[in-house]
Amino acid sequence: MSATPNPDLTERRKADHIRINLEEDVAFKKLTTGLEKYFFMHQALPEINIADVDTTTTLFGKTLRTPLLISSMTGGTAEAWEINRTLATGAQVTGMAMGLGSMRAAVEDESLAATYRVRDVAPDILLFANLGAVQLNYGYGLDECRLLVEIIQADALILHFNALQEAVQPEGDGNFADLLPKIAYICKHLPVPVIAKEVGWGFAVETARQLAEVGVAAIDVAGAGGTSWSQVEMYRAPTARHARVAGAFIDWGIPTAVSIQYCRRAAPHLPIIASGGIRNGIDVAKCVALGANLAGFAGDFLRAADKDGVDGVVEMAATITDELRVAMFCAGAADLAALAQVPLHTDYL
């Protein structure tokens, strides 16, 4: 446990994060995902029937009807309870995977555990628990990780890496020293797979290699180009200096397209999840061609859930999947395995 856990502070921070993501501009300003630099060679004669294009995939023994993940966002507040259940219901209907937001609040205050529980509305989905990796340096260990998995009956545990966010939070936990041995211990002894996830600034080759070597079962690149959590923290800043420091990092990070390739190079046999600024099914197709197995969306699903409830989540997932299917058809790929072999291009000449 953290030396001085403050459930009220954690809950307040979670509520701030939801509000800021819904109300403020927290996008990168100049740095992009890099996906716009790539294109598929259009196949005017794809030699396949679009009705036969298959978007299903399998991860951790569960079959998904579409390679989409509702990326980890929220929990720990009454508002988050409703959002999570809306998202999970949509995931159940459409066959997507889902990650919960950081579950530290559920350990600090048992009454908040209910805000993460969604299995009753989503019994079949691939579901991920979530904890900040840095908390392993603040008293959290195998028992807490097991507890989080048990609370939501998770299929895997995300350990998220948010060094920049913690660095610009006035209340942030900034001790990231000597984490690898602790991560290795969790990977070895936790009864479910462990996923290493960035939160919006991407993994470099060496970091991905280190994580693969200590036993993580998958890597979520969460690259730059989507939501900038330093910007989110800028809006929470208690002083002008804190705001200026956080705001200076608006275009920091490794673009999503680059980080996918870094992680695939570092961990050629691990599942790779692409997230960070992915906007549509064409982006998803590009991510798969670059080496990803799933593609995660966060803010877009949050806004859809907030605006139109379950119907909004289902409609967004169906639209993205339709876009993906058309992109696969026009690239001549009948399934995701074939799409992974389709070359992307950066120059027409």
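A few remarks follow.
- The stretch 70-127 - residue that is part of a helix (DSSP H, G or I) and among the basic types (Lys, Arg) and, of those, surrounded by the fewest Cβ atoms within 10 Å (Cβ to Cβ): Arg85
- Scanning the stretch 154-177 for residues that are over 19 Å from Val214 (Cα atoms) and touching a Pro at 6+ places or on another chain (Cβ under 9 Å) returns Asp155, Pro170.
- Filter pass, Met316 being buried (at least 17 other Cβ atoms within 10 Å of the Cβ) and either out of contact with any helix residue (DSSP H, G or I) (no Cβ under 8 Å at 6 or more places or on another chain) or over 24 Å from Ala44 (Cβ atoms) (or both): yes
- Leading residue by the ranking (farthest from Asp25 (Cα to Cα)) among those in the stretch 296-349 that are out of contact with any Ser or Thr (no Cβ under 9 Å at 6 or more places or on another chain) and of a type in the set (Val, Ile, Thr): Val342
- Residue in the stretch 145-191 that is surrounded by the fewest Cβ atoms within 10 Å (Cβ to Cβ), counting only those that are under 18 Å from the mean Cα position of the chain (by Cα) and under 22 Å from Asp120 (Cα atoms): Asp155
- The stretch 22-45, subset aliphatic (A, V, I, L, M) and not in a loop (DSSP other than H, G, I, E, B), residue farthest from Gln341 (Cα to Cα): Leu22
- Scanning the stretch 323-337 for residues that are buried (at least 17 other Cβ atoms within 10 Å of the Cβ) and under 24 Å from the mean Cα position of the chain (by Cα) turns up Glu323, Leu324, Arg325, Ala327, Met328, Leu336.
- Residue in the stretch 157-177 that is farther than 25 Å from Asp251 by Cα, among the aliphatic types (A, V, I, L, M) and assigned to a helix (DSSP H, G or I) present: no
- Options Ala289, Ala246; residue that is surrounded by 16 or more Cβ atoms within 10 Å (Cβ to Cβ), in a helix (DSSP H, G or I) and at pLDDT below 95: Ala246
- Against the list (1) part of a loop (DSSP other than H, G, I, E, B); (2) modelled with pLDDT under 95, the condition Pro191 fails is (2).
- Candidates Thr56, Thr94, Thr77, Thr89, filtered to the one that is in contact with a Lys or Arg (Cβ under 9 Å, 6 or more places away or on another chain), touching a residue at least 24 places away in the same chain (Cβ under 8 Å) and under 15 Å from Phe301 (Cβ atoms): Thr94
- Residue within the stretch 302-314 that is out of contact with any strand residue (DSSP E or B) (no Cβ under 9 Å at 6 or more places or on another chain), assigned to a loop (DSSP other than H, G, I, E, B) and at pLDDT below 95 present: no
- Some residue of the stretch 206-218 being touching a residue at least 60 places away in the same chain (Cβ under 8 Å) and over 19 Å from the mean Cα position of the chain (by Cα): yes
- Odd one out for Arg279 among (1) in contact (Cβ under 8 Å) with a residue 24 or more places away in the chain; (2) of a type in the set (D, E, K, R); (3) surrounded by fewer than 19 Cβ atoms within 10 Å (Cβ to Cβ); (4) within 28 Å of Asp335 (Cα to Cα): (1)
- Note on the stretch 26-47: among residues that are surrounded by 12 or more Cβ atoms within 10 Å (Cβ to Cβ), hydrophobic (A, V, I, L, M, F, W, C) and modelled with pLDDT of 95 or more, the one that is nearest to Ala196 (Cα to Cα) is Leu35.
- Residues of the stretch 48-69 that turn out to be in a loop (DSSP other than H, G, I, E, B), crowded, with 20+ Cβ neighbours inside 10 Å, under 20 Å from the mean Cα position of the chain (by Cα) and β-branched (Val, Ile, Thr), as a count: 2
- The residue pairs whose first member lies in the stretch 323-348 and is closer than 18 Å to Ile278 by Cβ, whose second member is at pLDDT 95 or above and of a type in the set (D, E, K, R), and whose beta carbons are closer than 8 Å, counting only pairs six or more residues apart or on different chains, are Met328/Asp335; Leu336/Asp54; Leu344/Lys286.
- Boolean, Val258 is in contact (Cβ under 8 Å) with a residue 60 or more places away in the chain, outside any loop (DSSP other than H, G, I, E, B), of a type in the set (Val, Ile, Thr) and surrounded by 18 or more Cβ atoms within 10 Å (Cβ to Cβ): yes
- Single unsatisfied condition, Gly309 versus (1) surrounded by 24 or more Cβ atoms within 10 Å (Cβ to Cβ); (2) more than 30 Å from Glu213 (Cβ to Cβ); (3) not hydrophobic (A, V, I, L, M, F, W, C): (1)
The values are calculated or read from the model by the stated rules, or taken from the named source; none is laboratory data. Because the structure is predicted, anything quoted here is derived from the model rather than measured. So basically every Cβ, Gly included, is an ideal-geometry build from the backbone, and we count neighbours across all protein chains shown.
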